[in-house]
Amino acid sequence: MSVEARERKQPWILLTPALTSVTLLLFVPLLFIVVYSFWLRTATGADDPGFHLDNWQKALGDAFYRDILLSTLRIAAITTFFCALMGYPAAYFIARSKGNKAILLLLLMLPFWISYIIRTMSWINILGVSGALNSALMALGVITEPIQMLYNEATVILGLIHYLLPFMVLNVFVSLDGIDTNLEDAANSLGATRWQSFLNVTLPLSLPGLAAGGLLCFVLGAGTYITPLVLGGPRDAMFANLVFEAIITQLNWPLGSALSLMLLAVLGVLVMIYNRYLGMTQLMKGLG
Amino acid sequence: MTKMDNTTRYERLRERYQNGDIDRRSFLGLIGAAGLAYGVQTPFARYATAQTVSQVRFDGWGGVVSEAFREHAFGPFTEKTGIEVVDGTFGGGDEYLSRVKAAQPGEYNLAHLSGVFDYARYHNLGLSTELNEANIPNLEFVIPKLIDVFRKVSGGTLSCVPYDYGTTGIAYNRDHISDEEMQEKGAKILIDEALKGKIGGWDDWRTRMWYAALQTDQNPNDIQDVEAAWDAIRTHRDLALKYWTSGAELMSLLAEGEIYVTEGWSGRIYALQEQGHNIGYMDPPNGFGWQECLFVLKGSPLEACEELLNFMLAPETSIAVAEGQNYPPALDPSKVDLGAKIPTLPAFDPTGTLDGLVFADPAFWNGNEQVWSETFGRVKRGY
């Protein structure tokens, strides 16, 4: 075999394990889900193989699913907005800190060492009727009766922010860390105030990181079901909860498959829009 | 010769690698080959007839219920027979059924199922097996009525042994709700406006529908006005703070004072009372009674499972487990002395006839399962 031919083959040989994994672990299961979505669930709970459009008609035509999907996107958008609002200053502080950057980044990563479910449940001990916050307020005499703070949409959003904030901070940090600080100095030397140099130089240059963090927070937030299950009230469901219920509680795998593909399609379109205008490079940097 | 299991094989291989007896490439190669071999043979494993059983898997409800099994049944059984019991948990029968459906036959072996309706569902899905009752002589101590209902479903044979029974009654915080108020309002206290934000409920369509039947003065096993029942569920939903999804969450919500009243599982509420919480428990008229069984799934190593079932039904084991779980055992009080604690447990029937309990009619509830479970999914979201 010639050197050129070997060199042409080499990337494919190196990519083989990754491509095999992606094919077997992602595309093949996805194909199963697509096939399942056309089956039907019988009265006993068994599946009826075939090609039926009933699940898709239900998923796409039923106002119930549309409303919950819109509510999910709304909650994910609010969460992303607050993550950006809180995450940007934190990322800016880390990026501009001198000497202790590594420690600050380590502190940012610490929550990932604890299970997401445990982190979510910790809010029960903080916001519960006999939780830390109510106990403190009562001890200080601010309130006489505990306030009911848990099990509503606000606590679901709070739990999601807790879960997703590090993703935002990391993405913005990567973006800010790559900006040459001489640019800010140059703006200042040309008469700009610190605020003006931030607004006109730093912020625009860090927008790709903010967008990448926003995309991650939005997609992960829209796909979660644990947070509403633990911190939500009876009505506070997100779309992934419907998928969970269809598959686990109702044993309706075909409908659950159609619903999960519907969510995947909606989030996929968002990722494609992001990729069209901003590209995936920044996202890869943040994840790296 | 003792047959080596896969874990031991792996541990020995790892030890050889760590000792430098084999290089990393060979180690990883062997692991890969083992994985490949397992993947290739798994679909055919169901056809294996001869089995050397070193472990069986048991899945139950977690919390104090699983702790009692571990301490009083599984540990002593392993000590006696050498068969390890791998102990898993689930949040409900539906969730477990979904897991079983996704698994290969034989992956899951025994389950602590609730209600005859669950037994019927598993049987109708072809997941039942036929136990050799000769291998379970302790079955003679069990209340005959509890066995007969299962026999009826599976055509005279058994795929389970009855193990305990209990009720889903109403648990209430006595600091806020008096016993008299509870007696007066019964199941309707769960739709009492005065308790808005302090009401809980199990996130389970059967329980919600059962209590809706009681709140609309209907027979839970023959609900005629279904719309009225859904309206009662909607009213409860609007007043409830939280639908709980596990026994642990139920206990936490009550113990922390997040909610004052909810339906609750008799044994879990008894556990709360034992811990000193001022929680009352009441079974309203036509309250939800259920019997639990130890179900053996198709494809399981039958003899090992039967040996475990027989061990668990032995009066000394069964009584110890019941005292730990706070649910009366399925043992017939006319044949076995159940000791001092069990007669004090909620739902206990000293006659052994269980005539005072109302159980879910499997035909009625399973016949409505598909529509009602889906409708409940919508109703609880505000529809």
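Tell me which residues, restricted to segment A:43-64, are closer than 13 Å to A:Asn252 by Cβ and part of a helix (DSSP H, G or I).
Scanning segment A:43-64 gives A:Asp54, A:Asn55, A:Lys58, A:Ala59.
Of the residues B:Gly82, B:Gly106, B:Gly92, which single one is touching a residue at least 60 places away in the same chain (Cβ under 8 Å) and more than 14 Å from chain A (Cβ to nearest Cβ)? Outline the logic, then answer.
Working: B:Gly82 fails: touching a residue at least 60 places away in the same chain (Cβ under 8 Å); B:Gly92 fails: more than 14 Å from chain A (Cβ to nearest Cβ).
Result: B:Gly106 is the single residue among B:Gly82, B:Gly106, B:Gly92 that is touching a residue at least 60 places away in the same chain (Cβ under 8 Å) and more than 14 Å from chain A (Cβ to nearest Cβ).
Please pick out the residue among B:Glu140, B:Glu95 that is assigned by TED's automatic domain parsing to the domain that holds B:Ser66, open to solvent by 30 Å² or more (accessible area, probe 1.4 Å), closer than 16 Å to A:Gly45 by Cβ and outside any loop (DSSP other than H, G, I, E, B). Step through it out loud before you land on a result.
Details: B:Glu140 fails: closer than 16 Å to A:Gly45 by Cβ.
Of the residues listed, the single one that is assigned by TED's automatic domain parsing to the domain that holds B:Ser66, open to solvent by 30 Å² or more (accessible area, probe 1.4 Å), closer than 16 Å to A:Gly45 by Cβ and outside any loop (DSSP other than H, G, I, E, B) is B:Glu95.
Among the residues of segment A:234-251, how many are surrounded by fewer than 24 Cβ atoms within 10 Å (Cβ to Cβ) and more than 7 Å from chain B (Cβ to nearest Cβ)?
5
If we keep just the residues of segment A:38-54 that are within 12 Å of chain B (Cβ to nearest Cβ) and not basic (Lys, Arg), which is surrounded by the most Cβ atoms within 10 Å (Cβ to Cβ)? Show your work before the answer.
Within segment A:38-54, the subset within 12 Å of chain B (Cβ to nearest Cβ) is A:40-47.
Next, from what is left, pick out any that are not basic (Lys, Arg): A:40, A:42-47.
Details: A:Leu40: 15, A:Thr42: 12, A:Ala43: 12, A:Thr44: 15, A:Gly45: 22, A:Ala46: 13, A:Asp47: 15.
By that ranking, first place goes to A:Gly45.
Can you find a residue that is within 14 Å of chain A (Cβ to nearest Cβ), open to solvent by less than 30 Å² (accessible area, probe 1.4 Å) and within 30 Å of A:Ile147 (Cα to Cα) anywhere in segment B:180-191? Show your work before the answer.
The first filter runs over segment B:180-191 and keeps only residues within 14 Å of chain A (Cβ to nearest Cβ), leaving B:190-191.
Those left that are additionally open to solvent by less than 30 Å² (accessible area, probe 1.4 Å): B:190.
Now restrict to residues that are within 30 Å of A:Ile147 (Cα to Cα): B:190.
Yes, the conditions are met somewhere in segment B:180-191.
For the structure I just gave you, tell me whether A:Arg74 is in contact with a His (Cβ under 7 Å, 6 or more places away or on another chain) and in a helix (DSSP H, G or I). Step through it out loud before you land on a result.
Numbers: in contact with a His (Cβ under 7 Å, 6 or more places away or on another chain): no; in a helix (DSSP H, G or I): yes.
Taking the combined requirement at face value, the residue does not satisfy it.
Condition check ((1) under 18 Å from B:Gly377 (Cα atoms); (2) of a type in the set (Val, Ile, Thr); (3) within 18 Å of the chain's Cα centre (by Cα); (4) in a helix (DSSP H, G or I)) across all residues:
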site	(1), (2), (3), (4)
A:Ala186	no, no, no, yes
A:Leu203	no, no, no, yes
A:Ser206	no, no, no, yes
A:Ala211	no, no, yes, yes
A:Thr224	yes, yes, yes, no
A:Pro228	yes, no, yes, yes
A:Leu270	no, no, yes, yes
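Residues checked against (1) assigned by TED's automatic domain parsing to the domain that holds B:Ala187; (2) open to solvent by less than 20 Å² (accessible area, probe 1.4 Å); (3) without any contact (Cβ under 8 Å) to a residue 40 or more places away in the chain; (4) in a helix (DSSP H, G or I):
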site	(1), (2), (3), (4)
B:Glu227	yes, no, yes, yes
B:His236	yes, yes, no, yes
B:Lys242	yes, yes, no, no
B:Leu254	yes, yes, no, yes
B:Gly264	yes, yes, no, no
B:Ile269	yes, yes, no, yes
B:Gln273	yes, no, yes, yes
B:Gly276	yes, no, yes, no
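Here are B:Tyr163, B:Tyr122: which of them is open to solvent by less than 20 Å² (accessible area, probe 1.4 Å), under 19 Å from B:Tyr96 (Cβ atoms), hydroxyl-bearing (Ser, Thr, Tyr) and in a helix (DSSP H, G or I)? It would help to see each step written out before you state the result.
Values: B:Tyr163 fails: in a helix (DSSP H, G or I).
That would be B:Tyr122, the only listed residue that is open to solvent by less than 20 Å² (accessible area, probe 1.4 Å), under 19 Å from B:Tyr96 (Cβ atoms), hydroxyl-bearing (Ser, Thr, Tyr) and in a helix (DSSP H, G or I).
May I ask you to say which residue of A:Pro208, A:Pro228, A:Pro254, A:Pro166 is touching a residue at least 40 places away in the same chain (Cβ under 8 Å), farther than 23 Å from B:Arg237 by Cβ and within 14 Å of chain B (Cβ to nearest Cβ)? Give the steps one after another, and end with the answer.
Details: A:Pro208 fails: within 14 Å of chain B (Cβ to nearest Cβ); A:Pro228 fails: farther than 23 Å from B:Arg237 by Cβ; A:Pro166 fails: within 14 Å of chain B (Cβ to nearest Cβ).
Of A:Pro208, A:Pro228, A:Pro254, A:Pro166, the one residue that is touching a residue at least 40 places away in the same chain (Cβ under 8 Å), farther than 23 Å from B:Arg237 by Cβ and within 14 Å of chain B (Cβ to nearest Cβ) is A:Pro254.
Of the numbered conditions (1) more than 25 Å from A:Phe239 (Cβ to Cβ); (2) open to solvent by 60 Å² or more (accessible area, probe 1.4 Å), A:Ile94 satisfies every one except a single condition; which is it?
In the conditions (1) more than 25 Å from A:Phe239 (Cβ to Cβ); (2) open to solvent by 60 Å² or more (accessible area, probe 1.4 Å), A:Ile94 misses (2) alone.
Got a sec? Which of A:Ala77, A:Ala90, A:Ala5 is more than 13 Å from chain B (Cβ to nearest Cβ), in contact (Cβ under 8 Å) with a residue 60 or more places away in the chain and more than 24 Å from B:Arg378 (Cα to Cα)?
Details: A:Ala77 fails: more than 24 Å from B:Arg378 (Cα to Cα); A:Ala5 fails: in contact (Cβ under 8 Å) with a residue 60 or more places away in the chain.
Only one candidate qualifies: A:Ala90.
Scanning for something open to solvent by 20 Å² or more (accessible area, probe 1.4 Å), among the charged types (D, E, K, R) and over 23 Å from A:Ala212 (Cα atoms), does segment A:149-165 turn up at least one residue?
Yes: segment A:149-165 contains one or more residues that are open to solvent by 20 Å² or more (accessible area, probe 1.4 Å), among the charged types (D, E, K, R) and over 23 Å from A:Ala212 (Cα atoms).
Has segment B:198-205 got at least one residue that is over 27 Å from the mean Cα position of the chain (by Cα), open to solvent by less than 10 Å² (accessible area, probe 1.4 Å) and of a type outside the set (Asp, Glu)?
No.
I need every pair where a residue in segment A:112-138 that is within 14 Å of chain B (Cβ to nearest Cβ) has its Cβ under 7 Å from the Cβ of a residue that is in a loop (DSSP other than H, G, I, E, B) and open to solvent by 60 Å² or more (accessible area, probe 1.4 Å), sequence separation at least 6 or different chains.
Matching pairs, first to second residue: A:Gly128/B:Glu256; A:Val129/A:Gln148; A:Val129/B:Glu256; A:Ser130/B:Glu256; A:Asn134/A:Ile147.
Among A:Val35, A:Val3, which is the only one that is β-branched (Val, Ile, Thr), open to solvent by 60 Å² or more (accessible area, probe 1.4 Å) and modelled with pLDDT of 95 or more?
A:Val35
Does at least one position in segment A:266-277 carry a residue that is at negative phi, of a type in the set (A, V, I, L, M, F, W, C), open to solvent by 10 Å² or more (accessible area, probe 1.4 Å) and within 14 Å of chain B (Cβ to nearest Cβ)? Reasoning before the result, please.
First, pick out the residues of segment A:266-277 that are at negative phi: A:266-277.
Restricting the remaining residues to those that are of a type in the set (A, V, I, L, M, F, W, C) gives A:266-267, A:269-273.
Then keep just the ones that are open to solvent by 10 Å² or more (accessible area, probe 1.4 Å); that gives A:266-267, A:269-273.
Filter again for within 14 Å of chain B (Cβ to nearest Cβ), leaving none.
Among the residues of segment A:266-277, not one is at negative phi, of a type in the set (A, V, I, L, M, F, W, C), open to solvent by 10 Å² or more (accessible area, probe 1.4 Å) and within 14 Å of chain B (Cβ to nearest Cβ), which makes the answer no.
Residues that are open to solvent by less than 30 Å² (accessible area, probe 1.4 Å), more than 14 Å from chain A (Cβ to nearest Cβ) and of a type in the set (Ser, Thr, Tyr): list the helices (runs of 4 or more DSSP H) wholly contained in segment B:297-383 that include at least 2 such residues.
Values: elements: B:302-313, B:315-325, B:362-379.
Output list reads B:315-325.
The values are calculated or read from the model by the stated rules, or taken from the named source; none is laboratory data. For clarity, every value in this text was computed on a predicted model and none was experimentally measured. Note: ideal-geometry Cβ built from the backbone for every residue, glycine included; neighbour counts use all protein chains shown. Note: accessible area is taken over every heavy atom of the protein model, side chains too, but ligands, DNA and RNA are not part of it. Shrake-Rupley method; radii C 1.70, N 1.55, O 1.52, S 1.80 Å.
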